[in-house]
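Only one structure is covered here, and it is reproduced in the block below.
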Amino acid sequence: MENMSDVSARYERLADTVTARIEAVPDDRWSSASPCPEWSARDLVQHLVDSHGMFAGFIGLEPGTGPAAADDPKGAWRAASSQMRSWLDDPSVASREFEGVGGTSTFEAAVNRFICFDLLVHGWDLARATGQDATIDADEIPTLWEDVKSFGSMLRSQGAFGADLEPPTDATEQERLLAFLGRDPRA
């Protein structure tokens, strides 16, 4: 798309990966435990859908209608992701400002920092929960580390991420990042 911003393009690429993982979940794996304590594969999708709606609310938008993840996780994700794509592709929506925890932000900047972070990390969680390839795009790892550092103590508040774990001595950069986020990268 000609008008697509860098953030919109990044979101689309990351959402496409999550979509492929969600579409590949067999019906009998939606209750599988994820690396997020107390969350199933279905719960991860619900979290992603809810986060999309929450960020829309920051700029006064109502999320579109779609099925509940409890009933149709694939349909719920398709609806939320499609809506987010259309918002990010609309410069008048993408550039809307709001006051957030870190001060003034635009919608697209917040999506880039938080939603894209969630797509990468929870995309990995979903892949692990459902027996899929859980590789995170190596080009995204430096950005994830920057995000982690910028989140500071907020990263571990409200149970968002557990205490960091000691990575294996031969850990890859992805494994070191995941261990820092409280995930056992080889479990």
- Could you work out how far apart the two model spin labels at R156 and D28 are, taking each label as a point 7 Å from the Cα in the direction of the beta carbon, and quote it in nm? 4.0
- First compute the accessible area of the chain with a 1.4 Å probe, then give the percent of it belonging to carbon and sulfur atoms. 50
- Task: Treat every Asp and Glu Cβ in the range 24-76 as -1 and every Lys and Arg Cβ as +1, leave all other atoms uncharged, and give the resulting dipole magnitude about the Cα centre to the nearest 20 debye.
- Result: 140
- Taking the highest mean first, how do the peptides 124-131, 50-57, 100-107 order by number of other beta carbon atoms within 10 angstrom per residue? 124-131, 50-57, 100-107
- Item | Charge-dipole axis of the range 41-187 as Lys and Arg at +1 and Asp and Glu at -1 on Cβ define it, positive-most pick from S86, A68, A56 | A68
- Message: As an exercise, use a Förster radius of 22 Å and the Cβ-Cβ distance of E62 and A9 to find the FRET efficiency, rounded to the nearest 0.05.
- Response: 0.30
- Message: Report the per residue volume, in Å³, of the convex hull enclosing the C-alpha atoms of the chain.
- Response: 117
- Show me 68-80, 33-45, 86-98, 111-123 ranked by packing, highest mean number of other Cβ atoms within 10 Å first. 111-123, 33-45, 68-80, 86-98
- Task: Report the charge-dipole magnitude of the chain in Debye, nearest 20, computed about the Cα centre from +1 at each Lys and Arg Cβ and -1 at each Asp and Glu Cβ.
- Result: 240
- Item | Paramagnetic label zone (point 7 Å from Cα along Cα-to-C-beta, F98; backbone N under 17 Å) in the range 25-69 | 47-65
- Note on the structure: When the charge dipole of the chain is computed with +1 at the Cβ of Lys and Arg and -1 at the Cβ of Asp and Glu, the Cα pointing farthest to the positive end, of S8, W124, T135, is that of W124
- Task: Output ³J(HN,Hα) for the range 16-25: one whole-Hz value per residue in order, computed from phi by the Karplus curve 6.51 cos²θ - 1.76 cosθ + 1.60 with θ = phi - 60°, and x for Gly and Pro.
- Result: 4, 5, 5, 4, 4, 5, 5, 5, 8, 6
- Convert each backbone phi in the range 104-121 into a coupling constant with the Karplus relation 6.51 cos²θ - 1.76 cosθ + 1.60 (shift: θ = phi - 60°), then list the ³J(HN,Hα) values in order as whole Hz, x for Gly and Pro. 6, 9, 8, 4, 5, 5, 5, 4, 4, 7, 9, 5, 5, 4, 4, 4, 5, 6
- Message: I need the fraction of alpha carbon pairs in the range 1-67 separated by more than 18 Å, rounded to a whole percent.
- Response: 54
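The values are calculated or read from the model by the stated rules, or taken from the named source; none is laboratory data. The model shown is predicted, which means the values in this text are computed figures rather than measured ones. Quick reminder, even Gly has a Cβ in these numbers, built from the backbone with ideal geometry, and neighbours come from all protein chains shown. The area values use the complete protein model at the heavy-atom level, side chains included, leaving out ligands, DNA and RNA. Shrake-Rupley method; radii C 1.70, N 1.55, O 1.52, S 1.80 Å.
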